[in-house]
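Heads up: the structure comes next, in structure tokens.
The values are calculated or read from the model by the stated rules, or taken from the named source; none is laboratory data. Values in this document were obtained by computation on a predicted structure and should not be read as measured data. Virtual Cβ from ideal backbone geometry, glycine too; neighbours counted across all protein chains shown.
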Amino acid sequence: MEQAPPDLERQWQPAPLEPLGHTDAGLLAAVGEEAEGSRDEVPGDGTEHALGLGVLMTENNFGLKKIEISVSEAEKRTGRNAMNMQETYTAYLIETRSVEHTDGQSVLTDSLWRRYSEFELLRNYLLVYYPHIVVPPLPEKRAEFVWHKLSADNMDPDFVERRRIGLENFLLRVASHPILCRDKIFYLFLTQEGNWKETVNETGFQLKADSRLKALNATFRVKNPDKRFTELKHYSDELQSVISHLLRVRARVADRLYGVYKVHGNYGRVFSEWSAIEKEMGDGLQSAGHHMDVYASSIDDILEDEEHYADQLKEYLFYAEALRAVCRKHELMQYDLEMAAQDLASKKQQCEELATGTVRTFSLKGMTTKLFGQETPEQREARIKVLEEQINEGEQQLKSKNLEGREFVKNAWADIERFKEQKNHDLKEALISYAVMQISMCKKGIQVWTNAKECFSKM
Amino acid sequence: MGKLGGEGLAAAAGRARTLGMEGERLASPARSSGLPAGGAGGESPGVDAPLLGSSGSSTLLQAEVLDLDEDEDDLEVFSKDASLMDMNSFSPMMPTSPLSMINQIKFEDEPDLKDLFITVDEPESHVTTIETFITYRIITKTSRGEFDSSEFEVRRRYQDFLWLKGKLEEAHPTLIIPPLPEKFIVKGMVERFNDDFIETRRKALHKFLNRIADHPTLTFNEDFKVFLTAQAWELSSHKKQGPGLLSRMGQTVRAVALSMRGVKSRPEEFMEMNNFIEVFSQKINLIDKISQRIYKEEREYSDEMKEYGPIHILWSASEEDLVDTLKGIASCIDKCSKATEKRMSGLSEALLPVVHEYVLYSEMLMGVMKRRDQIQAELDSKVEALTYKKADTDLLTEEIGKLEDKVECANNALKADWERWRHNMQNDIKSAFTDMAEENIQYYEQFPTLGVNVCRKRQGFWHAGGRKEQGKLL
């Protein structure tokens with residue numbers, strides 16, 4: 001097992017246990033911490049993820065503990081939903097094991113069942129509380145890019161199996177993220193079966209979520225977003241578009257390839273029946289037919305492997321959306337900042353006008369003054385005072401918003417860099433493993449056809 | 001039709017006779033031959049050139065019958081009453097001894113003994129006021145003496161081929177005549193003058209003529225010779241000679257009537273043969289369908305790959321670090337698409353035409369069985385008439401005697417040709433499928449080298465097994 005190059009290592013100190021509903025300030029403080037000292041187990045690179053390991057903060061101590069997470073089973077269940085109607089759903093068993101450093105053995109520490117909607121809840125929570133992080137995506141809710149042999153049914157065992165792997169992958173990604181792994185809600189997700197939903201909802205995260213409308217508005221009206229985020233948005237659009245296209249065509253290619261292989265299977269049956277009437281050719285036909293059957297059935301495994309490859313690409317397809325979420329947050333913050341700055345500038349202007357007595361801007365006060373007469377100097381003084389207070393406040397706010405914005409950009413960009421490394425590594429591996437799959441398919445093909453040729457030549 | 005020349009015919013058993021064409025001369029005495037079939041000498045048919053005495057010995061056309069020379073009586077095999085040798089009868093000159101059969105097969109397996117080379121090419125469209133049709137150029141090169149020259153070039157259209165086939169079937173009702181490509185393809189929107197269709201047909205016609213040329217009996221058929229050598233007007237006038245429409249119709253009516261009686265007792269070996277033909281026909285038809293379907297699926301696969309590859313190139317434009325890998329995969333996919341096309345063209349060159357020819361052969365064979373059964377039915381009906389004393393018993397007995405001979409000849413002819421056909425079929429099928437397997441092997445052999453190039457660019461991020469191992473390391 002190769003280790004990733006050292007520049008991906010991340011080091012930090014354990015943070016004090018955070019309260020359940022952390023404030024933004026608290027969050028920023030935690031995020032802004034610098035790493036000091038060194039640790040022997042270091043999370044945050046692809047290798048950890050590949051090993052199925054994550055690093056988690058445990059409840060009562062500050063030591064980093066290596067854990068293994070697996071989504072080991074899936075089970076069909078029936079229950080009653082919110083509207084008290086009977087429903088069928090699939091539950092997934094999550095097992096957590098802690099690894100003792102000394103002897104490398106693992107001990108099962110927690111095991112509980114979760115359904116897909118709970119995973120969604122967890123993710124939505126993470127999105128709200130870590131807007132500067134590219135939050136790992138969940139596997140698809142419904143089967144897409146399906147080719148004819150695959151079922152689009154959510155209850156189909158193959159789909160459930162692939163989803164199980166996808167959910168495990170999600171948990172591993174979160175657990176190996178340097179920041180996300182320390183989240184208490186995430187920890188409880190793995191350890192506290194009952195009451196978890198209530199706990200999450202109590203954080204009130206839904207209220208903190210930015211409204212879609214607000215975000216959309218900001219996207220259109222923001223004047224000076226950081227160029228890097230604008231580029232990132234374009235990149236994520238391109239990534240999404242190209243991977244979607246690739247997956248669509250790949251599904252069609254899989255369909256065709258399936259057809260080619262399976263039709264050959266018919267030779268097997270017909271050769272076998274034909275061999276019954278042939279004296280000299282019979283044996284050759286019969287055994288060649290057998291090889292045709294082998295050939296035809298070999299496509300099933302090949303395409304199953306390819307489906308895993310497709311899932312790897314799909315993960316990055318969904319990651320594109322996560323990237324866009326970070327960009328949106330930046331745009332929102334930037335827009336907010338710009339509005340605040342604009343507001344401050346106008347107040348300053350007003351103040352100046354009042355002070356100097358010139359009216360350059362249109363204001364309601366100005367109109368009413370015109371209509372109802374000038375105000376008294378005392379009134380004017382009062383107004384100036386109010387304005388000056390507001391301006392002070394505004395300047396404070398602007399400062400803190402500015403700081404917030406810069407922190408956000410800094411931290412978000414750090415995570416985006418981490419993400420880029422991860423993406424390059426993972427996609428390269430996925431592409432190479434795809435090439436390997438093709439090679440192995442060819443090797444099988446050579447073998448089968450060589451055998452068939454031998455049978456034919458003996459006819 | 002020229003008279004038979006007396007010289008060149010020796011009075012020996014099984015002697016071949018020459019059918020003269022206008023202006024044809026007998027270059028040298030015919031050799032004694034123990035194998036009337038094909039007229040070739042039993043041991044070394046091609047050694048003495050020209051095989052003067054060997055043309056068309058076993059074909060008996062209506063026209064020839066009228067010109068039978070007295071010398072014919074010297075030939076053992078021509079001791080039968082000529083009146084029975086109408087279109088429906090078969091020349092009793094097919095070999096019946098095992099030795100002769102072996103030699104017959106041997107004749108075919110030695111390609112260097114081939115003395116008739118035919119090519120079909122250059123399809124050309126002809127437009128007249130009434131119709132449009134295609135003619136094919138047929139070039140014949142031969143060293144045979146009975147041909148006027150050593151090289152011939154003629155143009156023929158499909159109708160002419162149909163005529164030839166009909167004549168061969170008339171002359172040899174129980175020989176397995178090679179099949180002609182279909183008149184037109186019923187399913188699919190194939191225009192009659194579509195290039196692929198014409199090319200496929202041309203190849204099939206080429207095969208048709210060469211199969212006739214390779215057949216020990218058919219190769220000496222007179223109509224075959226006319227077909228290969230006559231100019232257009234000669235052919236037309238030759239075609240007009242022959243049984244009139246009425247007599248042909250009468251023949252058909254009789255045949256239908258006989259077949260309705262059914263075959264009382266088909267000999268065991270022909271029951272087996274019939275069974276084989278039925279099963280074979282079913283299977284070869286299925287194989288034809290399967291092969292066509294594979295071709296179609298491969299075409300669609302190749303088309304999708306053509307779209308699949310470029311997406312990777314597009315992607316590489318936005319991924320600095322993945323450019324090499326993506327481009328590598330795109331190039332693999334591209335090569336795969338090209339290799340698939342090559343595989344497809346291999347299929348359509350080798351496998352598809354062979355399988356299709358045997359589909360047509362299987363129809364042929366059923367017709368041959370029917371005709372054999374008809375000949376036997378004729379005999380059976382006379383025997384029945386005799387049993388019930390329906391007519392003059394002496395005449396009947398005589399007729400029955402002749403019919404018995406006829407049946408025997410027909411059966412023997414079929415049996416021998418059957419063996420030959422089985423043997424050829426085995427070879428053809430074997431080689432077609434072996435070629436297909438080889439095409440597939442070559443196809444798959446291309447990729448490991450290509451794929452390895454992609455993997456070489458991995459730069460140290462190698463992790464074998466990929467996805468499946470993730471999450472399972474507990």
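Has region A:124-147 got at least one residue that is more than 15 Å from the chain's Cα centre (by Cα) and of a type in the set (Phe, Trp, Tyr)? For region A:124-147, residues more than 15 Å from the chain's Cα centre (by Cα) and of a type in the set (Phe, Trp, Tyr): present.
Selection of region A:318-344 for residues being crowded, with 20+ Cβ neighbours inside 10 Å and more than 17 Å from A:LEU127 (Cα to Cα) yields A:GLN334, A:TYR335. Exactly one residue among A:TYR316, A:TYR295 is in a helix (DSSP H, G or I), within 14 Å of another protein chain (Cβ to nearest Cβ) and closer than 21 Å to B:LEU351 by Cβ, and that residue is A:TYR295. Within region A:139-180, the residues that satisfy the criterion of being closer than 29 Å to A:GLU417 by Cβ, modelled with pLDDT of 90 or more and either away from chain B (no Cβ under 14 Å) or out of contact with any helix residue (DSSP H, G or I) (no Cβ under 8 Å at 6 or more places or on another chain) (or both) are A:GLU168, A:HIS177, A:PRO178, A:ILE179, A:LEU180.
Can you pull out every residue in region A:444-459 that is assigned to a helix (DSSP H, G or I) and within 7 Å of chain B (Cβ to nearest Cβ)? Listed by number, the residues that qualify are A:GLY445, A:ILE446, A:TRP449, A:THR450, A:ALA452, A:LYS453, A:PHE456, A:SER457. Considering B:GLU357, B:GLU349, the condition of being part of a helix (DSSP H, G or I), away from every other protein chain (no Cβ under 13 Å), buried (at least 21 other Cβ atoms within 10 Å of the Cβ) and not basic (Lys, Arg) is satisfied by B:GLU357 alone.
Examine region A:221-233 for a residue that is of a type in the set (Asp, Glu), within 23 Å of B:TYR444 (Cα to Cα) and within 12 Å of another protein chain (Cβ to nearest Cβ), and state whether such a residue exists. Looking for residues that are of a type in the set (Asp, Glu), within 23 Å of B:TYR444 (Cα to Cα) and within 12 Å of another protein chain (Cβ to nearest Cβ), one finds none in region A:221-233, hence no.
State the number of residues belonging to region A:271-283 that are crowded, with 20+ Cβ neighbours inside 10 Å, within 7 Å of another protein chain (Cβ to nearest Cβ) and either in a loop (DSSP other than H, G, I, E, B) or modelled with pLDDT of 95 or more (or both). Of the residues in that region, 1 qualify.
Restricting attention to region A:79-119, which residues are of a type in the set (D, E, K, R), farther than 16 Å from A:GLU193 by Cβ and touching a strand residue (DSSP E or B) at 6+ places or on another chain (Cβ under 6 Å)?
Residue satisfying the conditions is A:ARG97 alone.
For B:SER381, the criteria (1) modelled with pLDDT under 90; (2) at the interface with another protein chain (Cβ under 8 Å from one of its Cβ atoms); (3) assigned to a helix (DSSP H, G or I) hold in every case but one, which is (2). When each of A:ARG163, A:ARG97 is tested for being under 19 Å from A:TYR316 (Cα atoms) and either free of Cβ contacts under 8 Å to residues at least 60 places away in the same chain or not hydroxyl-bearing (Ser, Thr, Tyr) (or both), the lone residue that passes is A:ARG163.
In region B:315-332, the residues that are at the interface with chain A (Cβ under 9 Å from one of its Cβ atoms) form Cβ pairs under 7 Å with partners that are among the polar types (S, T, N, Q), at six or more places apart or across chains, as follows: B:ASP321/A:ASN424; B:LEU322/A:ASN424; B:LEU322/B:SER316; B:LEU326/B:SER316; B:GLY328/B:ASN453; B:CYS332/A:GLN438. Within 14 Å of chain B (Cβ to nearest Cβ), at pLDDT below 80 and in contact with a helix residue (DSSP H, G or I) (Cβ under 8 Å, 6 or more places away or on another chain) - does that describe any residue in region A:73-83? Checking region A:73-83: not a single residue is within 14 Å of chain B (Cβ to nearest Cβ), at pLDDT below 80 and in contact with a helix residue (DSSP H, G or I) (Cβ under 8 Å, 6 or more places away or on another chain).
Working carefully through the options A:ARG212, A:ARG142, A:ARG123, A:ARG164, find the one that is of a type in the set (Lys, Arg), within 25 Å of A:SER244 (Cβ to Cβ) and crowded, with 19+ Cβ neighbours inside 10 Å.
Going through A:ARG212, A:ARG142, A:ARG123, A:ARG164 in turn, the sole match is A:ARG164.
For region B:265-283, indicate whether the set of residues that are on the phi > 0 side of the Ramachandran plot and more than 14 Å from every other protein chain (Cβ to nearest Cβ) is non-empty. Taking every residue of region B:265-283 in turn, none turns out to be on the phi > 0 side of the Ramachandran plot and more than 14 Å from every other protein chain (Cβ to nearest Cβ). Between B:VAL368, B:VAL454, the distinction of being among the β-branched types (Val, Ile, Thr) and at pLDDT below 80 belongs to B:VAL454 only. Scanning region B:430-447 for residues that are facing chain A (nearest Cβ under 7 Å) and either of a type in the set (A, V, I, L, M) or farther than 18 Å from A:ASN451 by Cβ (or both) yields B:ALA437, B:ILE441, B:PHE447.
Residues are listed down the side, and each one gets a yes or a no for (1) outside any loop (DSSP other than H, G, I, E, B); (2) surrounded by 15 or more Cβ atoms within 10 Å (Cβ to Cβ); (3) hydroxyl-bearing (Ser, Thr, Tyr):
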position	(1), (2), (3)
B:ARG266	no, yes, no
B:LYS283	yes, yes, no
B:LEU286	yes, yes, no
B:ILE290	yes, yes, no
B:TYR295	yes, yes, yes
B:TYR301	yes, yes, yes
B:GLU307	yes, yes, no
B:LEU314	yes, yes, no
B:GLU319	no, yes, no
